[in-house]
Structure formats: C-alpha cells, structure tokens
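See structure below.
The values are calculated or read from the model by the stated rules, or taken from the named source; none is laboratory data. Since we're looking at a predicted model, the values are computed, not measured. Backbone-built Cβ (ideal geometry, glycine too); neighbour counts: all protein chains shown. To get the accessible areas, we keep the full protein, side chains included, count just its heavy atoms, and leave off ligands, DNA and RNA. Shrake-Rupley method; radii C 1.70, N 1.55, O 1.52, S 1.80 Å.
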Amino acid sequence: MKTIKELDIDGKRVFIRCDFNVPKDEFGNITDDRRIREALQTIRYCVDRGCKIILGSHFERPEPGMYEEKYSLEAVYRRLDVLLKIKNRLLFDDSKTGAVVTEKAKVLADSLETGDVLLLENLRFDAGETNNDALFAKALAGMVDIYINDAFGACHRKHASIYAMAEEFDKDAKGAGFLLSKEVNFFSRVLENPTKPFVAVVGGSKVSGKLQALTKLLDKVDKVIVGGGMAFTFLKAMGYEIGNSLVENDLLDEATSIMKKAQEKNVKFYLPVDVVAAPEFSENSTVKYFPTQEIPADWMGLDIGPASSRLFREVLNDAQTIIWNGPMGVYEMDKFAKGSTKMSHYIAETHATTIVGGGDTADVAARAGDVDEMTFVSTGGGASLKLLEGKVLPGIEALKE
Ligand code: AMP
C-alpha cells in the first residue's frame, strides 16, 4: 500500500478517514484525546500541501438515520479546533439531521478554500456506513480526489468509509496516513522479530473477543498474564468457585485447551491468585480481597488483588517485549482500578519494548500517567487484535495496489 508521502496530493481535495472514537465520561467530556492528537500529523501535512480537506470518523454505535447528541462529533470538533491551531477554517456540519452527506455538508465542502478543513458528522449516522454500502461510499468519494485512511482502529471493519470508498479510487489516489503506517509497521516488526522474553498481558471483559489472538500468541510469546473479567473463565475451567464473577460458560473447554497448549509449548501461563470482590457491581458496594480459591458464591471479582499485582510484577521483571491488551479490572470505577493502574506502572517501569493496544488499555495508561513511558500506544484495540490473530485487515487490503 502507498503512504500519503508517495501520493501527489498538492492542492487536491482529500478525504481523511480518521478514528475519532474517543472515550467520554458520563457528561460527554472527552477523557482521552489521544486519537485526535494522533490524527493531527496527517491533517497538518495536507494543510501544508494546500489541500482542501474533509475528515470523516465514526463515533460509537448510534441508531442509523437518527441524530442523537451523545453520538455527535461536535465535542471532537471543538477539541480539534483547539488542537489543530491552523489559520485556515475548520468547519463542521452541524445540521443535526442524522445524515452524513447532507445538503449543508455539500455546501460546506464546495466552500472549502486551500487549507480549510471540514469535519463531517458521525459516519455511522448513515446506515450505509456499517453495511459497506456502495452508494454511500460513492457519495463520500464524490466529494474528493484523494482517499487517505488514517483510522487504524477501524481498519478491521468492512465499512463503507474503510472499504467500499477506498475501492472507488485508483492506486495513485489512495494511501495510508502517517498514523496508520506507523501502527502497521510497529505491529509487524514486533510480531515478526520480538526480543525475548516476550510477555503478553491480556485482560478486559471477555475471552471470546481475544480467543484467537491468545491462541496465536502462544506460538510467539514466552509468558502470558491473564487478568480482568476474562480470567474467571479460566479459573472456572480449573474448577474454582468464582461466585457471580463474569464468565463465559460456553468457553470453558476452549479455556482448558489454551492452558494445555501453553503447557505443551512451555509458555508460562499466569492467572490472578487473588481478587478484589464485591457483592454487587457498584462503586458503593462493600469491597474485600479474597484468594481466587476462596471467592464466596454470591460475590464477584472486579479487579485483581494485591498479591496478583506483586506476582505479575515479578513475571514482568525480565521481559524484553511486552504486549498489553485489556484492563485488569473494572478500571472505570476507582475502587476497582488499582490492579490496572499498577499493571500500567509495572509495564512502564520495565526496560522492555512495550506495546499497549486498545482504547480502554490506552485510557488506563493515560490515567496512570504512563503513556510517555511506553514504547508505543496503539489507538486501535480490535484492529491490533486482528493483527495479532495474523489476519489481513479489510482497510489495508482496500488500499493495496
Ligand atoms: P474489553 O473491551 O474486552 O477489552 O474489556 C474492557 C472492559 O472490561 C472494561 O470496561 C472493564 O470494566 C471490563 N472488566 C475488566 N475486568 C472486569 C471484571 N472483573 N468484571 C467485569 N468487567 C470487567
């Protein structure tokens, strides 16, 4: 695939598919604007080349065809305005219609002058986005001469702005933005030639989402640390009482076979030895520590305990490469955030090449103040998992010559 630097974009109309799917708090405030900041390099490059720029991004999963304030990109627009700091205009389609290529968007697009930037509304307001609809793709493509994909976090989805739209352009008119090129190069380099010991730290809510990546990683890593809600499926598969903790009962056999495969391959497989548990899923709930073998039947584990944190720190001590995907607990609630925060500190403290993947995990590292200490923080969780699974991402396939 071509990178933006290999394309002749000077003075042209350019669409940049960004990933502005940033985390927000319950009041709609952006809690981590890393994804916006990381998009700036490509946008500024286009501004410097005298382009007329149209930005598109999805945000979460709105009901298609309906405007809902909480899914609007307006907060992103405001933050972008602060960060972009260009003397040209940054425009936003605020027609609130629940569509994307609206009459207003077309008028604004036509009014773009050299160096101006237009941000479209949430691409998923149009049902055509998630359906990879050709008409929607053509409507977007019709607004520009050049297509740039800089949305690594969305590349694993065959959506209109990622796939069908890219197919509307010939090879000299489409390419990867700086962020996308960096992410793909980084992951391939580490996965092809990691310095050992190579440790994978996985967490988050479900085994199902990470099953394939976990299986594939067993061929490459020396150690695996499992935390978060997904640990309970493994603990239950080992026969422990896990109370009301999150579990995927249909994956108990898979969990057993992963642990067996790890043993056969001499990959050290570490699970939490204690948990922070509560009788209910609430910040106001009573909280106690239990060894994982002693979780009462009506309690649920919501974070790894202090003994697990110490154990995992020991395990990370000699690591030379670490991949981390998924928090160790329900880090959104302060009471259950310690395990994830400590994990972030421990990973940041090592001398290893450290790769943090995923919106939640990047959020944990940011809250812990460790982002600058990590070698690389990837903005795309799902996409990085797909790369770990060894899959070709649709967004990258569509850019190929
Ligand atoms: P994922 O999207 O699979 O990476 O999962 C991230 C989510 O997992 C976060 O929102 C956490 O709150 C959640 N999580 C982590 N540990 C637990 C746990 N022990 N029980 C329930 N949810 C958890």
>> What's the ranking of 42-49, 107-114 by average number of surrounding C-beta atoms within 10 Å, highest first?
In response: 42-49, 107-114
> Can you list the lysines whose alpha carbon sits under 22 Å from that of Lys87, skipping same-chain ones fewer than 8 residues off?
Replying inline: Lys12, Lys52
>> Please compute the per residue accessible area over segment 15-87 with all protein chains in place, 1.4 Å probe, rounded to a whole number of Å².
In response: 48 Å²
> Near Val100, within a Cβ-to-Cβ distance under 9 Å, what is the net charge of the other residues, with Lys and Arg +1 and Asp and Glu -1?
Replying inline: -3
> Tilt of helix 252-264 relative to the longest C-alpha principal axis of the chain, in degrees (0 to 90, nearest 10)?
Replying inline: 80 degrees
> Between Rg and the Kirkwood Rh of segment 12-110, both from Cα atoms, what is the Rg to Rh ratio?
Replying inline: 0.94
> When we measure straight from the Cα of Lys70, which lysines land under 18 angstrom away, once same-chain ones fewer than 8 places off are left out?
Replying inline: Lys24, Lys96
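Where the accessible area of the chain is counted over protein heavy atoms with a 1.4 Å probe, how much of it, in %, is carbon and sulfur?
C and S atoms contribute 45 percent here.
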> So in segment 194-388, what percent of DSSP beta bridges are antiparallel if you round to the nearest 5?
Replying inline: 30 percent
>> Just to confirm the number: angle between the C-alpha axis of helix 178-192 and the first principal axis of the chain, 0 to 90 degrees, nearest 10?
In response: 30 degrees
> For the chain, what does -39500 (n - 2.57) per DSSP helix run (n ≥ 4), summed and divided by total residues, give at 222 nm, in deg cm²/dmol to the nearest 500?
Replying inline: -9500 deg cm²/dmol
> Can you give the extra length, in nm with one decimal, that the chain gains between Thr256 and Ala297 once fully stretched, where that is 0.36 nm per residue apart less the Cα-Cα distance?
Replying inline: 12.6 nm
>> Suppose a student asked you for the relative contact order of segment 194-388, using Cα pairs under 8 Å spaced at least 6 residues apart; what percent would you report?
In response: 22 percent
> When you count, for each residue, the other Cβ atoms within 10 Å and take the mean per peptide, how do 120-126, 19-25 rank with the highest first?
Replying inline: 120-126, 19-25
> Per residue, how much accessible area does segment 119-186 have with a 1.4 Å probe, in Å²?
Replying inline: 31 Å²
> Taking the alpha carbon gyration tensor of segment 194-388, what are the square roots of 5 times its eigenvalues, largest first, to the nearest whole Å?
Replying inline: 24, 20, 14
>> If I model a spin label as a point 7 Å beyond the Cα along the Cα-Cβ vector, how far apart are those points for Asp25 and Lys196 in nm?
In response: 4.6 nm
>> Given contacts defined as C-alpha pairs under 8 Å and at least six residues apart, what's the relative contact order of the chain, whole-number percent?
In response: 16 percent
> On a 0 to 90 degree scale, rounded to 10, what angle separates helix 338-349 from the longest Cα axis of the chain?
Replying inline: 80 degrees
> So if R0 is 35 Å, what FRET efficiency would Asp94 and Lys400 give, r being the distance between their Cβ atoms, rounded to the nearest 0.05?
Replying inline: 0.45
> At Asp172 and Glu389, where each label point lies 7 Å from the Cα along Cα→Cβ, what is the point-to-point distance in nanometres?
Replying inline: 3.7 nm
>> With every protein chain kept in place and ligands, DNA and RNA left out, what is the accessible area per residue of segment 235-340? Probe 1.4 Å, answer in Å².
In response: 50 Å²
